[in-house]
Ligand code: UD1
């Protein structure tokens, strides 16, 4: 095997869920520092300490090499600002591969700039589809997959969707779930936290709530959800770490929700604290993507308040139940959690803590092939 030259991988993170997806890959690239150099770009789409900095610290990602500080804004503005600010970074760094995780505005923006500069893009979490193009994330997924050279998938159906959209089989690599790698790596630290006790809750008897999607939060449904949560709190304690986007709207819709007995509204939590609360709960009510996966891995019931999910394996194999975009159904949460708990469930294939290793193996094999190809080209040109 011909040794390949050192590869420079540049990863782009921007929002809270990106950090858990990239952390294990950063760790693996650092472990193989004789083969890889790693550069981390933080777009700053999420910028608060509680939405960003705490994750960099807890997950050991370290200080980013470049911060773009794009902040909040409309979709066009946020996407455009990432594009504008990342271009000179990519030109200066000239990485061999640009790695983008997930489906947020930063993902698409970085991928688009990279391909236009002729840099290969690797998409982590490729092929997820809700088939709902009113979701900004769905547009980001479809478009990022369309321009990525390497498609890392974590769910078997992703391959079918990607092939159906005309992606070449050779680009698709089923590697497993890097978000679960992070959970596996952090499990002991999560277990020792004893989160329920510190929040004055009895383990296995409370509901964790997270809600932040525009479809729910940016309209009248949020007020209905708040009303239904008041009802649930009469039956079981509710803990609600509130996303900044939700907090502003919630205060307008229902200014006294936080005064409901047995309903605790918290600031967004760090990774360890949040997962510890989830692991100790009776179940979760959410509209998040990643939490559907984390609860499936932990075997904790998850009620998803959405009309669809891009993660159907969490329903077919795991502990996820789709409620529809219907806040009234929140009232049934205690009974539904018990129902889910009785269902058989399992962890999807390759959600085993080794996805990042497989990703880096694919990057190493690609580098090996490139080296062979470029040596073949230079020796044939010598022969001429
Ligand atoms: C983004 C992602 C979504 C992901 C979510 C996780 C897109 C299109 N959406 O949604 O896929 O599930 O992150 O959290 O990329 N804000 C703060 N502090 C912050 C970040 C945001 O106060 O650190 C506020 C902003 O003022 C903004 C709102 O939260 O009004 C929304 O932030 P934004 O980054 O636009 O999208 P999210 O809703 O967080």
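Some observations on this one:
- Compared with the direct C-alpha span, the chain from residue 341 to residue 266 gains 24.4 nm at full extension, assuming 0.36 nm per residue.
- With contacts taken as Cα pairs under 8 Å at a separation of at least 6 residues, the chain carries a relative contact order of 16 percent.
- Compactness check for region 68-203: Cα Rg over 2.2 N^0.38 Å is 1.25.
- Angle between the chain longest axis and helix 16-31 axis [Cα atoms, degrees, rounded to 10]: 40 degrees
- Gain in span if fully extended, residue 87 to residue 308, counting 0.36 nm per residue against the direct Cα distance: 76.1 nm
- Cα gyration tensor category, rounded, prolate or oblate, for region 267-316 with a/c compared to 1.5: prolate
- The residue 132 and residue 377 beta-carbon pair, evaluated with R₀ = 45 Å, returns a calculated FRET efficiency of approximately 0.50.
- Between the Cα long axis of helix 333-342 and the first principal axis of the chain there is an angle of about 60°, rounded to the nearest 10.
- Alpha-carbon Rg with Dmax, taken over the chain, Å: 21.4, 83
- The long axis of helix 75-93 is offset from the longest Cα principal axis of the chain by roughly 30 degrees.
- Once the Cβ-Cβ distance of residue 72 and residue 197 is raised to the sixth power relative to R0 = 35 Å, the FRET efficiency obtained is 0.45.
- Global form of region 203-291, assessed from the alpha-carbon gyration tensor, a/c cut-off 1.5: oblate
- Under 19 Å from a label point set 7 Å out along the Cα-to-Cβ vector of residue 245, the amide N atoms of region 217-235 belong to 217-226.
- Cα gyration tensor shape of region 11-119, rounded if a/c is under 1.5, else prolate or oblate by comparing a/b with b/c: oblate
- Taken along its principal axes, the alpha carbon cloud of region 264-373 reaches lengths of 61, 31, 23 Å, longest axis first.
- Region 37-80 versus region 277-302: alpha-carbon centroid distance in Å: 25 Å
- The distance linking region 323-342 with region 195-243 is 13 Å (Cα centroid to Cα centroid, whole angstrom).
Read-outs: derived from the displayed coordinates by stated rules, not from any lab. Bear in mind the structure is a predicted one, so any value in this text is a computation, not a measurement. Positions of Cβ are backbone-derived with ideal geometry, glycine not excepted, and every protein chain shown enters the neighbour counts.
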